[in-house]
Amino acid sequence: MPRFLSALLLFVCGPALAGRPAEAGPTPQYVPPVLKGVKGEGSGRHALKPIPFPDANENCKTRDIAGGLETLAAALTQISPRFSAVPAATRVFVFSRNREAQPYFDMLVGRKDAHVTGLFISSNNSASMLMQSSGWGTDRTPFHELIHYLVSNSGTRPPLWLEEGLAEYFSNAELRSGSIRAGSPIPAHVQTLQLHHRIPLQKLFAVATESDLYNEPDSQRAFYAESWALVQWLIRTNSAGFYEFLHDVEQGKPVEEALRARYNRSLDDMQHAFDVPRNEMTYGTTLPVPNADTSVTIATLDRAELLYRLGKFLALVEEGGADAERHFREALVVNPAHARSLAALGEYEKAIAADPNDAELYLDYAESLLGKQIGPLAEAEETTAEDQKSFRKARELAQKALEVWQRAPSPAGPPGTAAPTLGRAWGDLGTSYIVETDASIGIAPLEKARELLPGRLDYGVHLFALYRRTGDRAKADMLFKELDRTRNSQVAYALRATKLRVELARAHDFLQQQKLDEAAAVVRELAADTEDTDARKDLTRQADEITHAAATNRQIEIYNQAVGQVNRGEYTKALKTLDQLLATASDPDVIRDAKKLQKQLTRRKS
């Protein structure tokens, strides 16, 4: 059985860290296990003390506690190909005691004495989980976030209620002898369903990450409880049909239509998901345990490498930059030639000189030069001629990374690491071509990157842009639908901004060639496809102006034809041409000049 979590590294640490133990605080209340504060997703954290360094005498070793995650991921692939996509590299930081992890939990959750035992965050290139080993058996966060991760790496996303409900359904999975038990009642959700007012279904289906219902504490509890209950009911009613239902809704089919097609039920029937008495909620799902590859390589990490790994984790978090930099600099105190710490501090040339055989260093350098075009802001801004130098340098670095990776003794690396590294190399290479007039060369590398890393939406957005620029509307439209189904607001903006930018450039080219009708058609199509009312009005106005200019030019052409006939002494032909022109002319200036010439010719003939 293949691995499903790429390069899952686990660090068991016992540094002497300051922090009040969670058990000394009040009994924690239910808080939906969704981490805020990831770069680009949060609004900032409360001021907390700097994260302490691990004790200098503490050793950290990788250790095999990945079995639960690997086993559940493998089991899910047995019931639906929806979970088969290969995620990016995942690192799990495991602390042996709560007080050692507490400063990290406090920072990530944004308050002192945060009562959590595990958190999961992800970025374009990797994902990380932080947890205390004693909390694995009771905390639902690891399995909940595993579902999010598997869903996100497929490249498409279901509506928020369905994804969160599915994540909650599997969050309390239990690994038993020969099986995995999931979907058992979650007391906090049952209590919420009994005590809170219900969110109407249509309102629940429309909830997005920015909605108050998703972010306000009271309504958030109801949202999670109802989402869990709906998925619980759907799987209990028809477990085989659920994943077909999931696919339908994910592809944009309305819930009511998908429910009728897969369950022969109505929304009124769906309401019964909330009406099961607490003492009767004993159902669940039992999955067979597959022969998953849960092996890991055990190795001792030196102190510099540990500091670097913790620094990289901190760098993923909003306002974690200062702590991350402290860790990188401390790593260089321990080992001044630690290449990845040098790169993390922007010393890319020194880093590559220290370890020229590390492909990741070339890619980190390349992505620093590609700037905002790597990550969630891809294609949000148009590149300029000034970007060419840095992008071409990034291209050389990405090509070098490919060479280094290919000539390595074992290019595939540890199980699952090929896709992230190789996918990044192809993706960065393809992205570097967006500054070129002929960007078609970037299409093939980006297609390879998307095949290896379907969850990298930035590469998908760049590929869409190149399809549009090269006129491959069929592929562009198909990719647009795929990316739009992720329901990522930034991606949606980038897709539409890219389409607008590319099509306006095409209209401009038509205008330069005096192909006004073609230009007007392009602008009018954009107007019809624009949801923003003001933008639609503006584009329609521009299309009307171009159409008017095209009509005026045609009238001027006919008038000039009449003038030519006059100059050749063909007065009768000229009068006939002017009669035809005046029968349809709309431009006041053309009409005035045509009538004046017509009057002169009439006098001359008489």
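Summary of values
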read-out: Segments 242-249, 330-337 sorted - mean Cβ within 10 Å per residue, highest first; value: 242-249, 330-337
read-out: Residues of type aspartates and glutamates that Lys312 reaches as a straight line, Cα spacing below 14 Å, ignoring anything fewer than 8 places off in the same chain; value: Asp323, Glu325, Glu330, Glu360, Asp364
read-out: Angstrom value of the Kirkwood radius, inverse mean 1/r, which spans all Cα pairs in segment 326-386; value: 12.7 Å
read-out: √(5λ) per eigenvalue of the Cα gyration tensor, segment 304-446, largest first, Å; value: 26, 19, 14
read-out: Cβ-Cβ FRET estimate between Tyr571 and Ala497, R0 fixed at 56 Å, reported to 0.05; value: 0.50
read-out: For Ile180, distant residues with modelled amide H under 5 Å away; value: Leu287, Val289
read-out: Shape of segment 145-190, Cα gyration tensor, a/c cut at 1.5; value: oblate
read-out: Karplus 3J(HN,Hα) series, Hz, for segment 496-504 with 6.51 cos²θ - 1.76 cosθ + 1.60 (x for Gly, Pro); value: 6, 5, 5, 4, 4, 4, 5, 6, 5
read-out: Compactness of segment 526-605, expressed as Rg and Dmax over alpha-carbon positions, Å; value: 17.7, 58
read-out: Lysines whose Cα lies under 17 Å from that of Lys393, excluding same-chain neighbours fewer than 8 positions away; value: Lys350, Lys372
read-out: Under Karplus coefficients 6.51, -1.76 and 1.60, residue-wise ³J(HN,Hα) of segment 370-384 in Hz, glycine/proline x; value: 6, x, 6, 6, 9, x, x, 9, 3, 6, 6, 10, 7, 6, 10
read-out: Residues with amide H under 5 Å from that of Arg91, placed H, sequence gap 5 or more; value: Leu9, Ala127, Ser128, Met129
read-out: Extension gain from Ala337 to Thr286, taking 0.36 nm per residue of separation minus the Cα-Cα distance; value: 13.3 nm
read-out: Gained length - Asp509 relative to Gln406, 0.36 nm times residue gap less alpha-carbon distance; value: 32.9 nm
read-out: Gyration tensor verdict on segment 449-606 (Cα atoms; rounded if a/c is under 1.5, prolate if a/b is larger than b/c, oblate otherwise); value: prolate
read-out: Longest to shortest principal axis, alpha-carbon extents of segment 563-606, angstrom; value: 27, 15, 15
read-out: Cα Rg, Dmax (largest Cα-Cα span) when computed across segment 143-239, Å; value: 13.6, 42
read-out: ³J(HN,Hα), Karplus 6.51/-1.76/1.60, whole Hz, each residue of segment 550-565, x for Gly, Pro; value: 5, 5, 4, 4, 5, 5, 5, 4, 5, 4, 5, 4, 5, 4, x, 5
read-out: Under 16 Å from the Cα of Lys499 - lysines, other chains or at least 8 residues apart; value: Lys475, Lys481
read-out: Diffusion constant of segment 458-526 at 37 °C, which comes from Stokes-Einstein with the Kirkwood Cα-pair radius and 0.692 mPa s, µm²/s; value: 263 µm²/s
read-out: Whole-Å distance, taken between Cα centres, linking segment 168-186 and segment 441-515; value: 41 Å
read-out: Inter-label distance for Gln194 and His548, nm, one decimal - labels placed 7 Å from Cα along Cα-to-Cβ; value: 7.0 nm
read-out: Two-decimal Rg/Rh across segment 356-513, once Rg and the Kirkwood Rh are taken from alpha-carbon atoms; value: 0.99
read-out: Two-site FRET efficiency, Ser80 against Arg592, from Cβ-Cβ distance with R₀ of 60 Å, rounded to 0.05; value: 0.25
read-out: Alpha-carbon gyration tensor eigenvalues x 5, square-rooted, for segment 511-570, Å; value: 35, 9, 6
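Just so you know, all these numbers are worked out from the coordinates, no wet-lab data involved. Since the model is a prediction, treat every value here as computed from it, not as a measurement. Cβ: placed from backbone, ideal geometry, glycine included. Neighbour counts: every protein chain shown.
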